[in-house]
């Protein structure tokens, strides 16, 4: 076990317990900057934690970042761990980032689907969904990225509990989703919401459940373009960007469609690296490069959010 | 732990809308137990699907019969998972 976040190995994949221990270490090392909040408990009773990075103030405008809502996308949880450390390293060192954290809070949920993630380590590496039971079916789990109250149950989600894109019995049926919904509604001052998946190298903005463009389409498109340019500048990794429905396919009940409809203008979702064509089995040697390049895109979005208050 | 020995991940290229529809039909065949890592979207976008060993023959026959081009993206999923586990264990020790 790492005894400090300086000796933690960021270039390997970790279990849920190791990641939760990392959070405790980070909070203990930076008590003035980092705190650990529990926003709920998973279906199987595991705590759902969010790291809060704050330099003070009361209910400051905030940026939300989550990783790992699809449990098998291991590079996302691993990147989340790296982001957490990066935040503590760059605050006070990088002027642009320091300005962000001097004015805004950052909430980082590293393991958004803890039951699924634990299951990928113990039983089935390919598990994507939650682990909730559906009455009347022998199949387990709901796709938590089809369970939000935004076009719930429309095209691009399945009503079949055995499907990988099963939307659940009703919107927010999954406690892992409902916990975030409650947190966002209670906070009322989240200005950017970034949900991180892998793979296929995309940066997407709303909508997934309808063809209509969001009111802020031009601005979101420009921010996405800048973020992708920043990401590509590091290692040349190619990303496409655009709305979910035009760039991939219809997907209803998705995270950022709900957040955008809640008034969070800067709502984006990433699909991280597939370089080398390993899909969800991205070698651990690519964790740090993936996180590094993604951080540049995140910085672009966070800076834009700081400089364009609404 | 679930065993993925012999599972392959195929990357399918659908040249036009009709071929995309063809892959969607394949997606609906539940008995094949296919796991779409990257689902059918638009012509030209790659489609990645994990195929369990018992379904490999049937899927390849389907693809070839409908003129759908594919490559093997991952030859054996379990061997990659074994590498991943080894790497995790090595980093701990």
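Tell me, what is the FRET efficiency for residue B:42 and residue A:4 to the nearest 0.05, using R0 = 56 angstrom and their Cβ-Cβ distance as r?
Numbers: r = 48 Å, r/R0 = 0.85.
Given R0 = 56 Å and the Cβ-Cβ separation, E is 0.75.
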Backbone N under 13 Å from the residue B:18 label point (7 Å along Cα→Cβ), restricted to segment B:49-93:
B:66-68
Once you put a point 7 Å from the Cα of residue A:182 and another 7 Å from the Cα of residue B:30, both along the Cβ direction, what distance in nm separates them?
3.3
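Need one number: the % of Cα-Cα pairs in segment A:116-159 sitting beyond the 13 Å mark. Please report the intermediate quantities before stating the final value.
On the way: 574 of 946 pairs.
Percentage above 13 Å: 61.
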Thinking of segment A:202-310 as a set of Cα atoms, what percent of all their pairs are more than 15 Å apart?
63
Using the C-alpha atoms of segment A:248-310, what convex hull volume per residue, in cubic angstrom, is computed?
107
Taking a crude spin-label model, label points 7 Å out from Cα along the C-beta direction, the residue B:87 to residue A:229 distance in nm is 3.3
Over segment A:116-199, calculate the relative contact order: mean separation of alpha carbon pairs under 8 Å at least 6 apart, over the residue count, as a percent.
20
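Report the convex hull volume per residue for chain B, counting only C-alpha atoms, in Å³.
98
Considering only DSSP beta bridges whose two residues both sit in chain A, what percent are antiparallel, to the nearest 5? Each step should come with its number before you reach the end.
On the way: 14 of 37 bridges.
Given both bridge residues lie in chain A, the antiparallel proportion sits at roughly 40 percent.
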Only helical DSSP H runs with n ≥ 4 go in: add -39500 (n - 2.57) per run for the protein assembly as shown, normalise by residue count and round the 222 nm mean residue ellipticity to 500 deg cm²/dmol.
-11500 deg cm²/dmol
For the pair residue A:11 and residue B:1, how long in nm is the line joining their label points, each one 7 Å along Cα→Cβ?
2.2
Alpha-carbon Rg with Dmax, taken over segment A:6-86, Å
13.1, 37
Taking a label point 7 Å from the Cα of residue A:60 along Cα-to-Cβ, the residues of segment A:183-202 whose backbone nitrogen sits under 17 Å from it are A:187-193
Quick numbers on segment B:1-40, Rg and Dmax over C-alpha atoms in Å, give 11.9, 39
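Report the equivalent ellipsoid semi-axes for segment A:131-279 in whole Å, largest first, defined as the square roots of five times the eigenvalues of the gyration tensor built from alpha carbon atoms. Don't skip to the answer; put the middle values down first.
Values: eigenvalues 139, 72, 38 Å².
They are 26, 19, 14 Å, listed largest first.
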Taking 60 Å as R0, compute the FRET efficiency from the Cβ-Cβ separation of residue A:158 and residue A:32 and round it to 0.05.
0.80
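Starting from the coordinates of the alpha-carbon atoms of the protein assembly as shown, obtain the Kirkwood hydrodynamic radius over all distinct pairs and give the value in Å to one decimal. All intermediate terms of the calculation are to be shown ahead of the outcome.
Values: mean 1/r = 0.0466 Å⁻¹.
With all distinct Cα pairs of the protein assembly as shown included, I get 21.5 Å.
Taken together, the values in this text are just the output of simple stated rules run on the coordinates, not laboratory data. What you are looking at is a predicted structure, and each value in this text was computed from that prediction instead of being measured. Please note: Cβ atoms are built from the backbone with ideal geometry, for glycine as well, and neighbour counts cover all protein chains shown.
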